[in-house]
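J.: Encoded as structure tokens, here's the structure I'll be asking about.
The values are calculated or read from the model by the stated rules, or taken from the named source; none is laboratory data. From a predicted model like this one, the values you see are computed outputs, not experimental measurements. Using ideal geometry, Cβ is built from the backbone for each residue, glycine included, and neighbour counts are taken over all protein chains shown.
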């Protein structure tokens, strides 16, 4: 199992926004297995078997692998730690506790480097278990941090959202998953706040 062999799967993006490029799309999809844009929790990992199916479908886990509740908790720690990093990419305060739990979840993975003359280096895991799956996800993040694309993967800071989106804008100033969703709601809320403050000032 290696970074090049994973299947990130193209997934729905709010507002028709293009997904993250290449393997980074897998990290985006992993974070977005929980999305609350519609004011309701939508958890795709309600059980170890759901986590197993998701990882197997994307080439991150050997078919027939059985995961336990402890594995699910570790995967969720990794996911929410990644979300904390993406929120920090969008200007939020660094969540040291979430990042610590992320790094703990990644600590058992082992990767090797495969080199060739006809292709780019590949980071591979010899086993097909959860340790290997999380290690591959971590490796994709590490490569993205080195090549500069990581800073463009962000988590929407709107209340009750947190959707991971890739900021394709030239000035890298995107804040929300989509203007048609969280962007318009936030701007409307800010407008109402300005009107209330203005009326309060006029009354005085």
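J.: Which residue out of 98, 88, 75, 139 is more than 20 Å from residue 151 (Cα to Cα) and either part of a helix (DSSP H, G or I) or in contact with a helix residue (DSSP H, G or I) (Cβ under 6 Å, 6 or more places away or on another chain) (or both)?
T.: 75
J.: Of these, 15, 22, which one is over 15 Å from the mean Cα position of the chain (by Cα) and at pLDDT below 95? Steps first, answer last, please.
T.: Numbers: 22 fails: over 15 Å from the mean Cα position of the chain (by Cα).
Only one candidate passes the filter, namely 15.
J.: Here's something else I'd like to know. Those residues that are buried (at least 19 other Cβ atoms within 10 Å of the Cβ) and part of a helix (DSSP H, G or I), I need them from region 108-136; list them, please.
T.: Those that are buried (at least 19 other Cβ atoms within 10 Å of the Cβ) and part of a helix (DSSP H, G or I): 130, 132, 133, 134, 135, 136.
J.: Oh, and also: Check off (1) in contact with a strand residue (DSSP E or B) (Cβ under 8 Å, 6 or more places away or on another chain); (2) assigned to a loop (DSSP other than H, G, I, E, B); (3) closer than 18 Å to residue 130 by Cβ; (4) in contact (Cβ under 8 Å) with a residue 40 or more places away in the chain for residue 27 and give me the number that stays unchecked.
T.: Result: residue 27 passes all but (2).
J.: Inspect region 34-50 for any residue being within 15 Å of the chain's Cα centre (by Cα) and under 20 Å from residue 111 (Cβ atoms) and give the result as yes or no.
T.: No - not one qualifying residue is present in region 34-50.
J.: Hey, residue 113 hits all of (1) in contact with a strand residue (DSSP E or B) (Cβ under 9 Å, 6 or more places away or on another chain); (2) farther than 19 Å from residue 143 by Cα; (3) modelled with pLDDT under 95 but one; which does it fall short on?
T.: The one condition residue 113 does not meet is (2).
J.: Against the condition surrounded by 12 or more Cβ atoms within 10 Å (Cβ to Cβ), part of a helix (DSSP H, G or I), touching a strand residue (DSSP E or B) at 6+ places or on another chain (Cβ under 8 Å) and at pLDDT 95 or above, how does residue 105 come out, does it pass?
T.: no
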